[in-house]
Amino acid sequence: MSQINHCVELAAFPEGIPDKSHFRMGTRPYPEPKDGEFVVRNDYLSLDPFLRGVISGRQMYAVTLNVGDVMFGTTVGTVIASKHGDYAEGDTVTLGGGWQQFALSDGDGVRKVHAGDNPLSLQVGILGMPGLTAYAGLLHTAHPQAGETVVVSAAAGPVGSMVGQLARLNGARAVGIAGSDEKCRAVVDTFGFDACINYKTQDLSTALGEACPDGVNVYFDNVGGSTLEAVLGKLALGARVTLCGLITQYNAKTTPPGPNLGPVIGARAIMTGFVVYDHYDKWDEFQTTCSRYVADGDIRFLEDRAQGLDNAAAHFSRLMRGENFGKSLVVVTPD
Ligand code: NDP
């Protein structure tokens with residue numbers, strides 16, 4: 001076993017879109033567990049849009065990261081040494097394991113994983129935090145009804161693709177919005193949405209009118225900005241809007257002017273700000289329901305993988321440019 005713990009450190013706080021220059025490879029000593037601790041070999045590292053806030057130089061999501069620190073990130077991995085009564089060698093767990101090969105833990109914030117026949121990597125994707133975001137933000141927050149139309153942006157990503165598939169499994173129509181024809185094809189052909197609009201090449205307002213002739217009953221917003229503005233203009237009476245993400249603003253220096261909320265009044269719509277951390281009490285229900293869907297082939301997934309920690313920084317930059325195709329993750333330990 002390697003006695004060195006290879007890692008990726010934050011090298012500088014980025015302005016605008018982060019790139020490789022904002023990160024550097026480093027090493028830490030291989031961690032030795034004391035009583036009440038255990039060591040996890042990180043197998044897969046999740047790259048998530050919220051990490052842009054974590055490296056902004058401000059405290060975000062209860063994480064403070066300084067230049068020189070090991071980069072923060074969620075991982076799924078295997079316990080390889082333990083002096084903790086609740087965790088044994090061979091257990092698989094998710095944790096804030098960071099951009100490194102090995103993580104030392106006392107169990108705080110750790111979840112045991114029972115992946116069954118589903119791939120382990122899904123525990124940081126559609127069967128992990130992004131999946132719970134879709135599950136709770138759609139089913140427990142917007143309450144889609146059979147026959148209603150659900151629209152979701154960033155539809156090819158883990159949150160968006162789960163929202164559309166869960167909408168359809170609950171009898172609603174699903175209309176995606178995504179940033180390329182290739183992504184739109186995957187949204188319809190792989191994820192089974194009823195339609196998908198390429199917001200970069202189509203007039204969004206016109207295309208929404210065609211895809212949603214009776215209006216939008218539920219909008220699950222992952223992006224904000226002009227996409228949110230266009231969908232608000234198509235809300236049906238009594239619509240519900242889940243405000244989940246603002247990725248169009250994560251790399252911006254100034255906040256762009258907000259949308260006009262007049263259509264929300266006209267449609268008597270309900271808009272709800274959504275944060276997944278309020279919904280972890282639904283974790284077991286979500287995992288039981290969605291693991292079965294995945295195992296039965298009723299929910300499908302795409303992953304955008306990089307091999308090895310030394311490719312993590314470039315892969316995160318790709319996510320921040322919107323070029324990821326599916327859940328962005330790094331294979332830290334090859335199978
Ligand atoms: P994705 O894998 O979907 O990646 C982000 C996608 O956003 C890109 O691929 C891109 O797709 C789209 N995008 C649109 N505009 C931009 C832009 N200006 N720059 C970069 N990308 C852009 O991410 P996730 O599924 O993991 O997350 C989706 C959203 O959900 C994010 O906003 C995230 O922050 C939010 N979220 C919120 C949570 C909460 O608790 N509220 C919890 C988890 C996630 P395209 O090419 O289609 O535009």
Q.
Can you tell me which residue is farthest from G131 (Cα to Cα) among those in segment 288-335 that are polar (S, T, N, Q) and more than 16 Å from the ligand (Cβ to nearest atom)?
A. N311
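So, in segment 242-258, how many residues would count as being within 13 Å of the ligand (Cβ to nearest atom) and either within 19 Å of S161 (Cα to Cα) or among the polar types (S, T, N, Q) (or both)?
Looking only at that region, the number is 9.
For segment 21-33, state whether one or more residues are more than 30 Å from T255 (Cα to Cα) and within 26 Å of the chain's Cα centre (by Cα).
Just the residues of segment 21-33 that are more than 30 Å from T255 (Cα to Cα), to begin with: 25-33.
Add one more test, that the residue is within 26 Å of the chain's Cα centre (by Cα), and what stays is 25.
Yes - at least one qualifying residue is present in segment 21-33.
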Q: Scan segment 76-95 residue by residue and report those that are of a type outside the set (S, T, N, Q), surrounded by 15 or more Cβ atoms within 10 Å (Cβ to Cβ) and farther than 19 Å from Q307 by Cα.
A: V79, I80, A81, H84, Y87, D91, V93, L95
Q. So which of A167, A236 is in contact (Cβ under 8 Å) with a residue 40 or more places away in the chain, within 25 Å of N324 (Cα to Cα) and more than 10 Å from the ligand (Cβ to nearest atom)?
A. A167
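Quick one: count up the residues across segment 190-235 that are among the acidic types (D, E) and open to solvent by less than 20 Å² (accessible area, probe 1.4 Å). Step through it out loud before you land on a result.
Our first condition is that a residue be among the acidic types (D, E); within segment 190-235, this holds for 194, 203, 210, 214, 221, 229.
Filter again for open to solvent by less than 20 Å² (accessible area, probe 1.4 Å), leaving 221.
Going through segment 190-235 one residue at a time, the tally reaches 1.
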Q.
Condition first: in contact with a Pro (Cβ under 7 Å, 6 or more places away or on another chain), closer than 17 Å to G179 by Cβ, within 14 Å of the ligand (Cβ to nearest atom) and assigned to a helix (DSSP H, G or I). Can you find one or more residues in segment 215-227 that meet it?
A. yes
Q. Considering segment 96-113 alone, what residues qualify as being surrounded by fewer than 18 Cβ atoms within 10 Å (Cβ to Cβ) and at positive phi?
A. G107, G109
Q. Just one of G68, G36 is over 21 Å from V332 (Cβ atoms), outside any strand (DSSP E or B) and modelled with pLDDT of 95 or more; which is it?
A. G36
Q: For residues that are more than 20 Å from R318 (Cβ to Cβ), open to solvent by 10 Å² or more (accessible area, probe 1.4 Å) and of a type outside the set (D, E), tally how many sit in segment 21-75.
A: 23
Q.
Of all residues being free of Cβ contacts under 8 Å to residues at least 60 places away in the same chain and of a type in the set (V, I, T) in segment 259-276, which is nearest to the ligand (Cβ to nearest atom)? Just the residue, please.
A. V275
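Within the group A134, A155, which residue is open to solvent by less than 10 Å² (accessible area, probe 1.4 Å), within 9 Å of the ligand (Cβ to nearest atom), in a helix (DSSP H, G or I) and among the aliphatic types (A, V, I, L, M)?
Numbers: A155 fails: in a helix (DSSP H, G or I).
It is A134.
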(Q) So in segment 116-131, with the set limited to residues that are under 15 Å from G77 (Cα atoms) and in a loop (DSSP other than H, G, I, E, B), which one is modelled with the lowest pLDDT? (A) G116
**Q.** Hits in segment 114-131 - residues which are among the aliphatic types (A, V, I, L, M) and open to solvent by 10 Å² or more (accessible area, probe 1.4 Å)
**A.** A115, L120, M129
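The values are calculated or read from the model by the stated rules, or taken from the named source; none is laboratory data. In this text, all values refer to a predicted model and were calculated from it rather than measured experimentally. All Cβ positions, even for glycine, are placed from backbone atoms using ideal geometry, and neighbour counts span all protein chains on display. Remember, those area values only see protein heavy atoms, side chains included, never the ligands or the DNA or RNA. Shrake-Rupley method; radii C 1.70, N 1.55, O 1.52, S 1.80 Å.
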